[in-house]
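Colleague: The following block contains the structure, expressed as structure tokens.
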Amino acid sequence: MMNNLFSIFDPSTNIFNLSINWMSTFIGLMFIPYSFWLIPNRHFILWNFISSKLHQEFKILLGPNSYNGSTSIFISLFFFILFNNFLGLFPYIFTSTSHLNISLSISLTLWLSFMIYGWINNTQHMFIHMIPQGTPTILMPFMVLIETISNIIRPGTLAVRLTANMIAGHLLLTLLSNTGTNMPNYLLFILIIIQILLLILESAVAIIQSYVITILSTLYSSEVN
């Protein structure tokens with residue numbers, strides 16, 4: 001039972017000894033060229049609208065000291081996670097963001113780049129950030145320890161947050177669908193309505209989680225400037 005339940009998260013499924021389910025990560029790239037066939041079209045207008053709004057918000061979070069074009073990194077991250085989260089709701093499409101392989105690779109890479117940049121270019125600022133303003137002298141060693149631990153676990157919390165939210169919704173949908181075979185017809189109609197509502201909720205979670213991960217990454221980046 002447990003093996004069947006978690007089989008939807010198994011990345012080892014293969015055809016002709018080729019693990020092609022990880023290719024679902026690149027399905028989102030197929031949607032990009034279509035927006036350039038006819039300009040302006042609705043897809044292109046929506047893409048530009050979301051990108052401009054995200055650019056304005058990330059520019060405020062990064063502050064005046066940020067480099068030009070630095071928001072493009074986080075906009076690309078948002079769309080990458082959004083496509084993977086949303087397309088994973090379709091049948092027979094593997095959700096790569098439900099695995100720590102992908103989510104931890106993204107968060108750890110970003111965090112390491114922020115830390116290396118901060119400690120090389122803004123060393124004094126990084127040391128000052130270890131001790132919040134107004135901390136009593138006797139508590140300074142403990143605050144440094146707490147801030148160091150909280151800083152180290154950041155990539156792990158980002159990855160686990162994304163992975164856990166993706167797995168939780170998919171597991172709930174799977175559990176409810178497995179109970180449908182043993183239900184009478186009048187309860188089956190209620191189950192279908194519940195499944196549709198959960199699918200709508202999962203669509204919202206897919207968008208919200210991509211936004212949350214991107215905002216937190218932007219805030220972590222702004223701290224090193």
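Colleague: Just checking, which of SER203, SER177 is assigned to a helix (DSSP H, G or I) and more than 16 Å from the chain's Cα centre (by Cα)?
Modeller: SER177
Colleague: Kindly provide the set of residues from the stretch 95-105 that are hydrophobic (A, V, I, L, M, F, W, C) and either buried (at least 17 other Cβ atoms within 10 Å of the Cβ) or not in a helix (DSSP H, G or I) (or both), ordered by number.
Modeller: Listed by number, the residues that qualify are ILE102, LEU104.
Yes or no, residue by residue, for (1) assigned to a loop (DSSP other than H, G, I, E, B); (2) surrounded by 13 or more Cβ atoms within 10 Å (Cβ to Cβ):
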| residue | (1), (2) |
| --- | --- |
| ASN65 | yes, no |
| PHE78 | no, yes |
| LEU89 | yes, yes |
| ILE93 | yes, yes |
| SER107 | no, yes |
| LEU110 | no, yes |
| SER113 | no, yes |
| GLY134 | yes, no |
| MET140 | no, yes |
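Colleague: Right, another one. Can you confirm whether ILE208 is free of Cβ contacts under 8 Å to residues at least 60 places away in the same chain and loosely packed, with under 11 Cβ neighbours inside 10 Å?
Modeller: Criteria not met by ILE208.
Colleague: If we scan the stretch 89-96, do we find a residue that is under 25 Å from ALA159 (Cα atoms), in contact with a Phe, Trp or Tyr (Cβ under 7 Å, 6 or more places away or on another chain), modelled with pLDDT under 85 and not hydrophobic (A, V, I, L, M, F, W, C)?
Modeller: Yes: one or more hits.
The values are calculated or read from the model by the stated rules, or taken from the named source; none is laboratory data. Source: prediction; values computed, not measured. A quick note on method: Cβ atoms are made from the backbone with ideal geometry, for glycine too, and the neighbour counts reach across all protein chains shown.
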